Amino acid sequence: MFKKNDIVKVEVCDIGAGGEGIGKAEGFTFFVKHTVPGDIVEAVVTKVRKSYGYAKVLKVIKASPDRVEPPCENAARCGGCQLMEMSYERQLRFKEDKVREDLRRIGGLDSLPPLGGGGCRRQTDEGSHIPTPVRYRNKLQFPIGRSKNGRVIAGFYAGRTHSIIDTEDCAAAPESGAKILMAVKRFIEDNEISVYDEKSGHGLVRHLMIRTGFRSGEVMVCLVINGDHLQDKKTEDAFVRILRELELDDAVTEHSADKHLSDPETSCAEEYRHLPKIGSICLNINKDNTNVIMGRETRVIYGKGYIMDELCVDNRRLRFKISPLSFYQVNPVQAERLYEKAFEFADLKGDENVWDLYCGIGTISLFAAKYAGQVTGVEYVSEAIEDAEENAAMNGIENAGFICGRAEEIFPEKGSEADVVILDPPRKGCDAVLLDALKKVGPEKIVYISCDSATLARDLKILTRPDGVCYKIEKLTWTDMFSNTVHCEVVCLMSKV
Ligand code: SAH
């Protein structure tokens, strides 16, 4: 009955898993991005299926009480943040509901312990309005391309596409990131450097990656190129010069930590006060026709080629070296809260044999080492394992060791003595072989840190099943690491039944 280009009036009543509003027009269901439950909007139909359709919002007729002015000028176009128009309180409620619903629907887990946590520490200021956290990301990745009229553009992909939205600033990024982005774009333009075209596979510059240590202030700029050199030595030198001349005097910190996230009552808040300064400039070589951003090879053209940062967990501070290809939590302020929860749940007594699977640069392993007998971290990115080993030495930690390999291969082979296992897999969750091994080895406790409640639910269903060793879910909590997006982090404690 509806067709493409029809104008419809949609009353939005729900939110889909991708953050899109779900509503009805004359009883027919429409998905409308950038709307909030409670909105009544005028929208144009973009696609119609048998029992539902998609529409694009044209005008908000009546705004939901949960609608806010987005804290970012790119909100309506950018695919990075899906919940920009939603108040932070409503975002938190959406995420909490999503976690509970995924565990129930996908995991079949009905009787669950209460789902504690949520949001950032400030949420505990009861009744007060929580400002939406912005400028919380320490890692930025901007695709670089050309507009139809040949201008160099860089920014973000529009939702679910590979068309680049030209951006001057990103509300999730420290302001220094915008300055670097603008300088790099200008440099490419001024020096007539070619940019990569995904379709043809031709052109040099692909992506700009910027990583900032929020505590150290150290910034690493990494340009991903489809070649071995940024044109020639002279151009590379000039690139280094223009970046080093940039004044990054905005203080990452004021935005990301002090104003929004950190708790001024803790000793750590004081630490976020270093001004950002470019410490490394690298070229990452990626000649493959793939949508994987980084290639395997990185060449340092200025500085040390990695950043250092510090994390403070339970008032203990450790220093970390982070190489370009190593994973590091993108919201370090909330990562500290997440780790504190994980350690509270693990409740280590000091003599346990702990395995930290998917350990990255060893952050969790090294904090855990103080409370454990022995810790073994497993990670398949070799640069991250090298970082982890250096990080152990640098922090004087002797009871943590690291193994490079797949968790599902290393743990079944070597993990038979594990008392406690900490799991922190990527979004796709744990491999079935690993879950099977856990059910054979039977560690007393498993702490599962998940960045996708759907795959967590799938894995918990297996771990709680009464074949082999069976686990019981003891505690659950979640924390908001990715404000304005649909993503959140869940921590789950399981004990052996
Ligand atoms: N716990 C770390 C890293 C978590 S991110 C932290 O908090 O910083 C997940 C990590 O798992 C990444 O470093 C990724 O490289 C690694 N990884 C992904 N699949 C893996 C696998 N099958 N085996 C081992 N490591 C894996």
Problem set entry | Carbon + sulfur, % of accessible area of the chain - ligands and nucleic acids excluded, 1.4 Å | 48
Problem set entry | Radius of gyration and Dmax over the Cα atoms of region 304-412, both given in Å | 12.9, 39
For this session: Give, to the nearest whole percent, the P(r) tail of region 1-145 beyond 17 angstrom, counting all Cα pairs.
Result: 67
Problem set entry | Rg/Rg_ref, region 399-468, where Rg_ref = 2.2 N^0.38 Å and atoms are Cα | 1.06
For this session: Could you calculate the contour length gain from residue 380 to residue 182, that is, 0.36 nm times the residue separation minus the distance between their Cα atoms, to one decimal place in nm?
Result: 67.8 nm
Exercise. Can you give the Rg and Dmax of region 65-120 based on its C-alpha atoms, in angstrom?
Worked result: 14.3, 43
Exercise. Short version: ³J(HN,Hα) in whole Hz for each residue of region 470-476, in order, from phi by Karplus 6.51 cos²θ - 1.76 cosθ + 1.60 (θ = phi - 60°), x for Gly and Pro, what are they?
Worked result: 10, 10, 10, 7, 9, 9, 9
For this session: Let me know the number of lysine pairs in region 1-86 closer than 12 Å at the Cα, not counting same-chain pairs under 8 apart.
Result: 10
Exercise. What is region 351-442 by shape, rounded, prolate or oblate, if you read a ≥ b ≥ c off the alpha carbon gyration tensor as root eigenvalues and call it rounded for a/c under 1.5, prolate for a/b larger than b/c, and oblate otherwise?
Worked result: oblate
For this session: Between beta-carbons, use under 9 Å as the cut-off and find the net charge around residue 412, counting Lys and Arg +1, Asp and Glu -1.
Result: -2
Exercise. What residues have an amide H closer than 5 Å to that of residue 6, excluding those fewer than 5 places away on the same chain, when H is modeled at 1.01 Å from N in the peptide plane?
Worked result: 45
Problem set entry | Theoretical ellipticity at 222 nm over the chain - DSSP helices of four or more residues, -39500 (n - 2.57) apiece, nearest 500 | -7000 deg cm²/dmol
Problem set entry | Per residue value of the accessible surface for region 359-485 (all protein chains in place, 1.4 Å probe), Å² | 38
Exercise. Given that compact globular proteins tend to follow 2.2 N^0.38 Å, what is the ratio of the alpha-carbon Rg of region 3-88 to that value?
Worked result: 1.00
Seminar exercise, completed: Per principal axis, largest first, the Cα atoms of the chain extend in Å by 64, 63, 46
For this session: Determine, for each peptide in 426-437, 358-369, 50-61, the mean count of other beta carbons within 10 angstrom over its residues, then list the peptides with the highest first.
Result: 358-369, 426-437, 50-61
Exercise. Let a ≥ b ≥ c be the square roots of the eigenvalues of the Cα gyration tensor of region 365-497; is it rounded (a/c under 1.5), or, if not, prolate (a/b larger than b/c) or oblate?
Worked result: oblate
For this session: Count the lysine pairs in region 347-452 whose Cα atoms sit under 21 Å apart, keeping only pairs 8 or more residues apart in sequence or on different chains.
Result: 7
Seminar exercise, completed: Candidate cut points under GluC sites (Glu not before Pro) in region 47-120, DSSP loop plus at most 13 other Cβ atoms within 10 Å of their own Cβ, are 73
Seminar exercise, completed: Checked region 330-385 against the a/c 1.5 cut and the a/b vs b/c comparison, axes a ≥ b ≥ c from its Cα gyration tensor; verdict oblate
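The values are calculated or read from the model by the stated rules, or taken from the named source; none is laboratory data. In this text the structure is predicted, and so the values were computed from the model without any measurement. For neighbour counting, all protein chains shown are included, and Cβ atoms are generated from backbone atoms with ideal geometry for every residue, glycine included. When the accessible area is computed, the model is the full protein with side chains, heavy atoms only, and any ligands, DNA or RNA have been set aside. Shrake-Rupley method; radii C 1.70, N 1.55, O 1.52, S 1.80 Å.
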